[in-house]
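The values are calculated or read from the model by the stated rules, or taken from the named source; none is laboratory data. The structure presented is a predicted model; accordingly, all values stated were derived computationally and were not measured. Backbone-built Cβ (ideal geometry, glycine too); neighbour counts: all protein chains shown. These accessible areas exclude ligands, DNA and RNA; they are computed on the full protein's heavy atoms, side chains included. Shrake-Rupley method; radii C 1.70, N 1.55, O 1.52, S 1.80 Å.
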Amino acid sequence: MTSDDEFVLQLLTDQGIVDSESIQEARDATADSESPGDGAVLDYLVLHHKLTQMQVAEVLAAEFNMDVVDLHDVRASAEALEVVNYELAHRYHVFPLEADDNEVELAVHDPLDMDTIDSLSHVLKRSIVSRVAPYEDIEKAIHQFYDGAKIEGGVHEMFEVDGDEKLDLPTGDEGNVAEEEAPIIRYVHMVISEALKRRASDIHMEPLEKRFRVRYRIDGVLHEVENPPKRLQPAIVSRIKLMSNVSIAEKRVPQDGRINITVGPKVIDLRVSTLPTAFGESIVMRILDKEGLNLGLPQLGFFSDDQAAFERIIAMPDGIFLVTGPTGSGKSTTLYSALNCINHPDRKIITVEDPVEYEMGGINQVQVRREVGMTFSAALRSMLRQAPNIIMVGEIRDKETAEIAVNASLTGHMVFSTLHTNDAPSAVSRLIDIGIKPFLVSASVRAVLAQRLVRRTCMNCKAPDTPDERHLNSLGIRADQAIEATFMRGKGCAKCNSTGFRGRVGIFEMFLVNEELQTMIYDEASLVAIRNKAREMGMRSMREDGVRKIIAGVTTSEEVLHATVGDSE
């Protein structure tokens with residue numbers, strides 16, 4: 001044991017935190033240790049629950065008149081993480097809290113280690129302000145906040161080549177990869193595997209003027225990771241195009257491809273899109289995980305009353321059921337989950353999609369191919385001769401597709417599809433604007449579901465929360481509701497990458513068409529009148545459904561306000 005360890009043990013004894021018998025027991029147990037000077041006695045006491053690392057941190061902080069920092073509640077600034085990079089944090093086992101041009105605030109586990117403080121001050125050319133935190137907490141914080149540094153380290157190791165050296169582009173012969181190509185292949189595979197590990201929904205590779213930016217979209221929010229060298233942009237783009245079976249030579253027009261990868265027992269599809277920009281080709285890889293289709297309706301975000309209505313709608317023998325919302329609002333996932341619920345051997349289901357996003361067993365899926373005349377309308381006409389029970393149209397985009405879908409619904413078929421509208425009742429006016437007669441809309445549409453996605457509070461680190469009173473007023477949450485509510489907010493942990501959120505959940509507006517509303521649609525009533533009547537009959541707005549999820553602790557007030565900014569009701 002070093003004199004520093006003796007000093008810490010003496011402080012703990014003086015404070016009455018550890019008794020002398022426990023210390024002697026630890027000394028006896030570690031007497032044969034090969035490295036007794038590495039804090040073996042303290043480690044033994046912590047391991048056998050005689051002591052906690054937080055108690056050690058608190059005693060040291062009190063002795064040296066320093067603050068203790070709880071890293072579970074810390075959100076490190078981007079400037080601090082940039083000033084103290086992963087290599088420094090890992091080598092000196094410190095965690096940066098704040099940084100400016102003159103000083104850096106660090107969490108340290110041993111304030112007696114002045115050599116570390118002096119070395120960092122010299123390297124960073126800034127004065128150091130120390131705060132004390134437990135060793136394990138610093139280790140976890142480094143792992144959480146520098147998650148992208150795994151890629152960073154890998155990038156620099158892979159691309160340690162001279163700036164003037166050129167790498168030959170991949171030729172497609174996997175069995176005979178040039179030595180210069182190997183780092184590119186490893187980098188692309190690492191970017192994809194890291195995205196899967198982080199639960200990203202898509203990967204964005206964007207060519208900017210002086211850098212090649214890489215970002216992951218996680219729970220709807222983009223996070224930038226370490227960028228590869230700009231000079232390697234053409235090689236990386238070509239490698240991805242090669243993997244997705246699109247033309248490497250064609251750089252003037254957008255292209256779409258697909259990559260199939262196996263991760264353990266799971267098969268993951270990556271839908272690849274390339275787009276020529278001013279500084280090169282931009283690539284987006286959308287990650288399609290089939291496990292998302294097996295979500296139960298409660299996991300989508302339905303409460304029991306909405307779930308019962310949803311199940312009743314999708315079990316109808318005929319009519320049209322529409323899901324509306326902007327791009328990225330989860331429409332496809334909802335429809336696929338609905339098909340998964342009703343996919344039984346006694347029903348024939350055919351879909352026409354552009355593109356086929358998920359391949360589902362037991363369902364006939366048709367890919368739109370406009371270049372050979374296989375459009376939505378042409379596919380729909382042929383599908384009807386296949387005698388299906390249920391038809392899914394990826395999206396109703398024009399009058400011809402809408403007319404065929406309506407006619408199919410009126411001849412004994414159940415039709416599922418999507419539309420781009422802001423709320424559920426607007427789907428009625430949208431169909432009429434496309435060119436469908438009001439009497440056909442009233443006769444065919446059974447229900448419309450509008451939806452948005454909000455981030456779900458992390459189940460691992462959620463804790464009771466008191467929302468901002470202004471948010472409660474904006475959402476129309478009454479005082480009596482607030483008293484009985486279970487407001488929750490994630491503190492941030494390793495599982496949610498310190499964001500406080502993990503996964504997303506839908507908020508919904510369910511517009512059910514009954515006889516009274518059918519009459520109003522037939523009589524060409526205004527959208528406002530139709531919406532007001534639906535509200536009178538019990539339709540909840542998306543904001544109101546979001547409020548229910550806030551009160552239940554599923555999400556936060558900020559998430560619902562952001563997702564329903566256009567819904568003032």
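Placing unit charges on the Cβ atoms of the charged side chains and taking the dipole of the stretch 399-533 about its Cα centre, the candidate lying farthest along the positive direction among Gly476, Val445, Cys461 is Cys461.
Kindly report the accessible area of the chain per residue (heavy atoms of protein chains, probe 1.4 Å, no ligands, DNA or RNA), in Å². Don't jump to the answer; show the numbers that get you there.
Working: 27820 Å² over 569 residues.
Result: 49 Å² of accessible area for each residue.
Summarise the accessible area of the stretch 191-248 (1.4 Å probe, protein heavy atoms) by the percent that is carbon and sulfur.
Values: 1070 of 2210 Å².
After summing per-atom areas, the C and S share lands at 48 percent.
Let me spell out the model: positive unit charges on the Cβ of Lys and Arg, negative unit charges on the Cβ of Asp and Glu, origin at the Cα centre of the chain. What dipole size does that give, in debye rounded to 20? The partial results should precede the final answer.
Values: 61 positive and 91 negative charges, 798 e Å.
Roughly 3840 debye for the chain.
Our note on the geometry: Cα centres of the stretch 487-520 and the stretch 434-476, 6 Å apart. Note on P(r) over Cα pairs in 10 Å bins from 0, in percent: of the candidates (1) 3, 16, 26, 26, 17, 9, 3, 0, 0; (2) 3, 14, 19, 21, 18, 13, 7, 4, 1, 0; (3) 3, 16, 24, 23, 16, 10, 6, 2, 0, 0, the value calculated from this structure sits at (2).
Go through 184-191, 505-512 and give me the packing order, highest mean Cβ count within 10 Å leading.
On the way: 184-191: 18.8, 505-512: 23.5.
Taking the mean over residues of other Cβ atoms within 10 Å, the ranking is 505-512, 184-191.
Pairs of lysine residues in the stretch 203-358 that meet both criteria, 8 or more places apart or on different chains and Cα atoms under 21 Å apart, total 8.
Tell me the label-point distance for the pair Thr486, Glu58, using the 7 Å Cα-to-Cβ offset, in nm and rounded to one decimal. It works out to 3.0 nm between the two label points.
Given an 8 Å cut-off on Cα distances and at least 6 residues of separation, report the relative contact order of the chain as a percent.
9 percent
Separation of the stretch 355-380 from the stretch 51-126 is 57 Å, based on Cα centroids. With K and R counted +1 and D and E -1, the other residues having a Cβ less than 9 Å from that of Ile128 yield a net charge of -2.
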